[in-house]
Structures are given as C-alpha cells and as structure tokens.
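Down below is the structure, laid out as structure tokens.
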Amino acid sequence: DAADFEEVEKGGDTAIKKWIREQLEGTSVTVVLIGTETSNRDYVKYELEKSWEKGNGILGIYIHQIKNQDGKTCTKGSNAFGPIFTSSKDDKKYFYERFSTYDWVDEDGYNNMGKWIESAAKQAGK
C-alpha cells in the first residue's frame, strides 16, 4: 500500500528495485494500468522488465476514461514503454509489439479482466 511504499522510497533506488522484485515473487501475470504518464515511469519499466525476465504473462489496461474523485478523466497514455522486451528470438522491443492492451471502459474491463489475464497467462505458457 501507499504507506509501505513511502517507507521503501526512503531507501532509494536500490531499495525500490528490491521491493519490486519481492512483489513479483509468486506471480504469473503482470497487469500494467496505463495512464497518461505511465510509460514514462522508470519503475514501471523496471517492473515490466523483471516480469518479462521472470516469464510472466503481461497485459496493459488503459484507464484514461475512468473518472477520478473530481469526476475528470485524463488523456490516453502510450503503450510503448521504451525499447525493452528484446530477446534472442526476435527484435521486438516495445510493449505494443508483444502484449495485448485493453480499454477498461470501452472493452468492459469489469466483466472481462479475468479473460484478459487468462489469455496473458496462456500466451506466457502458464
């Protein structure tokens, strides 16, 4: 939760990365919620890189149409996430080249998220 993360942040970059790796233990799928600035966040990229190395299924969900506490929405974020996710099998580097992305509002995430997660797990061989 937020309080736990605030404590981890006090330890700096090394502590944050260690915490992210620990949070990934026991997971088989990583879901990234894509907001306006998500693809610019270094720790999101780090978590995705570690999820990829771990062999997790990965998927993205656009959340730009979900209203905040003030009833406002934001602009749609990018699903590129920079040049990561390369392998010896191919040269695909960007999130959108490897993983499915869905729109929470337009594609009824409330009723379909389970299917999306299952699909990502199968794609990763889980």
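Per-structure values
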quantity	calculated
Meets criteria (out of contact with any His (no Cβ under 8 Å at 6 or more places or on another chain) and in a helix (DSSP H, G or I)) for LYS45	yes
Scan of the range 97-126 for residues that are open to solvent by less than 30 Å² (accessible area, probe 1.4 Å) and in a helix (DSSP H, G or I), ordered by number	GLY109, TRP116, ALA120, ALA121
Residues (open to solvent by 50 Å² or more (accessible area, probe 1.4 Å) and either of a type outside the set (Asp, Glu) or at pLDDT 90 or above (or both)) located in the range 79-96	PRO83, THR86, SER88, LYS89, LYS92, LYS93, TYR94, TYR96
Complete set of residues in the range 49-81 that are free of Cβ contacts under 8 Å to residues at least 24 places away in the same chain and not in a loop (DSSP other than H, G, I, E, B)	GLU53
First in the range 2-21 and closer than 19 Å to GLU53 by Cα, second anywhere and among the acidic types (Asp, Glu), Cβ under 8 Å, 6 or more apart	ILE16/GLU9; ILE20/GLU47
Matching option when the condition is in contact with a Gly (Cβ under 9 Å, 6 or more places away or on another chain) and over 17 Å from ASP103 (Cβ atoms), among GLY77, GLY57, GLY35	GLY57
Answer residue from the range 45-76, given it is under 21 Å from ILE117 (Cβ atoms) and among the polar types (S, T, N, Q) and is surrounded by the fewest Cβ atoms within 10 Å (Cβ to Cβ) among those	GLN65
Residues (open to solvent by less than 60 Å² (accessible area, probe 1.4 Å), within 17 Å of GLY60 (Cβ to Cβ) and of a type outside the set (A, V, I, L, M, F, W, C)) located in the range 1-44	THR27, SER28, THR30, GLY35, THR36, THR38, SER39
TYR62, sole failed condition from (1) within 12 Å of the chain's Cα centre (by Cα); (2) under 22 Å from SER28 (Cβ atoms)	(2)
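The values are calculated or read from the model by the stated rules, or taken from the named source; none is laboratory data. Remember, it's a predicted structure, so these values are computed and weren't measured experimentally. Every residue, glycine as well, gets a Cβ built from its backbone with ideal geometry; the counts of neighbours run over all protein chains shown. Just the protein is used for accessible areas: all its heavy atoms, side chains included, with ligands, DNA and RNA removed. Shrake-Rupley method; radii C 1.70, N 1.55, O 1.52, S 1.80 Å.
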